[in-house]
């Protein structure tokens, strides 16, 4: 039964109730290895269902378009001040509904149609909103995409060369599948040389930065965007941090430029999550995320897997499964049947398609939230290998799923009991 009481849903909508209970069971009995997912605390989960759901609050604290804003102003101001404290930010906007809207609002704040942006290629670890041709934003701005070196690290020399050649208005860093540390100071130096603004998308690593475990671009860069879930372990949402000089442009770009009313129930949950991240135990949590990722790196390498970028400095691993004569799609499907959730993912210079690539991406935040440590990671690595090798053996996959379920009994999901 769930820790957060659901009294009315079963009475009113049996179909939805069954889906919720099914998802709770799936989460409780399986291993969540998707690097962009995590489990929020019961307090964050509870905040999402509060009466702030009912309130429209266009504008910002102290300057709203509707009345009745006493308490929305309180929770939004708390979220802003706590985020400033976490990251050392001069200005924070907590209203973006998610990471993609945060990025787009940031672009609109500082760019004009046709301006050039230098960002990382999706196939080398970047993100769709960093200029992939399939996105609408790529129709408005000219994106030049840099790649990683043959050794698998960010090619700062290529960034410098492309910056000098194309004179971008904005240089963008921050990635969805890159597993190494970022030299923000070097990127800032390149940007200053060509007169470009700087923006970092720290969606994946925000929690590790907040815990003081990875380099923090906020003091250096003009704009930093992030999601508030993933390693930060808050509700699904977005946030923009920037220099004070850009505060008005950013705020006007978010509202009224791009979004309407903010979701104050979500912002309330952000405030709670930021308070949790300010506690000393959050730093220990971040350390364990990284320890767990290094154990997976070691074990999977010993099992014969090629790790992109040479390994990991953060919470995620991008793994080439073609050496096991499997595709990323086959691996994802097999692992799903074994009670282990991952996502298929392209690897650098992949010859396969995005929907059937050569790799999978895994991460440790969710498992670490459940209390799993190094011994459990050893077991997880072995299950991953067994499932991929037995991808056509339904009996073996069912056996692994039973073993996974047994382990999960000792590590409950927050908010589910």
Check: Put a dot 7 Å past each Cα toward the Cβ at residue 302 and residue 356; how far apart are the dots in nm?
Finding: 3.5 nm
Notebook entry, point to check: For region 1-152, what's the radius of gyration and Dmax over Cα atoms, in angstrom?
Noted result: 20.7, 58
Check: Which of rounded, prolate, oblate describes region 169-279, given a ≥ b ≥ c as roots of the alpha-carbon gyration tensor eigenvalues and a/c under 1.5 marking rounded, otherwise prolate only if a/b is larger than b/c?
Finding: oblate
Next item on the list: Post the alpha-carbon centroid distance, region 145-212 to region 237-311, in whole angstrom.
Entry: 17 Å
Margin query: Given axes a ≥ b ≥ c from the Cα gyration tensor, I'd like to know whether region 285-417 is rounded (a/c under 1.5), prolate (a/b larger than b/c) or oblate.
Written below: oblate
Note to self: Take residue 389 and residue 65, extend 7 Å from each Cα along the Cα→Cβ direction, and tell me the distance between the two endpoints in nm.
What the structure shows: 6.1 nm
Next item on the list: Give me the Debye-computed log₁₀ of I(q)/I(0) at q = 0.19, 0.23, 0.30, 0.31 Å⁻¹ for region 302-348, equal point scatterers on Cα only, no solvent, two decimals.
Entry: -0.63, -0.91, -1.24, -1.25
Next item on the list: Please work out whether region 46-277 counts as rounded, prolate or oblate from its C-alpha gyration tensor, where a ≥ b ≥ c are the square roots of the eigenvalues and a/c under 1.5 means rounded, while otherwise a/b larger than b/c means prolate and anything else oblate?
Entry: prolate
Check: Of all the Cα-Cα pairs you can form in the chain, what percent are over 29 Å apart?
Finding: 47 percent
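Every read-out reported here was derived from the displayed coordinates using simple, explicitly stated rules and does not represent laboratory data. Here the structure is a predicted model, which means the values were calculated and not measured. Neighbour counts are summed over all protein chains in view; Cβ atoms, including those assigned to glycine, are modelled from backbone coordinates with ideal geometry.
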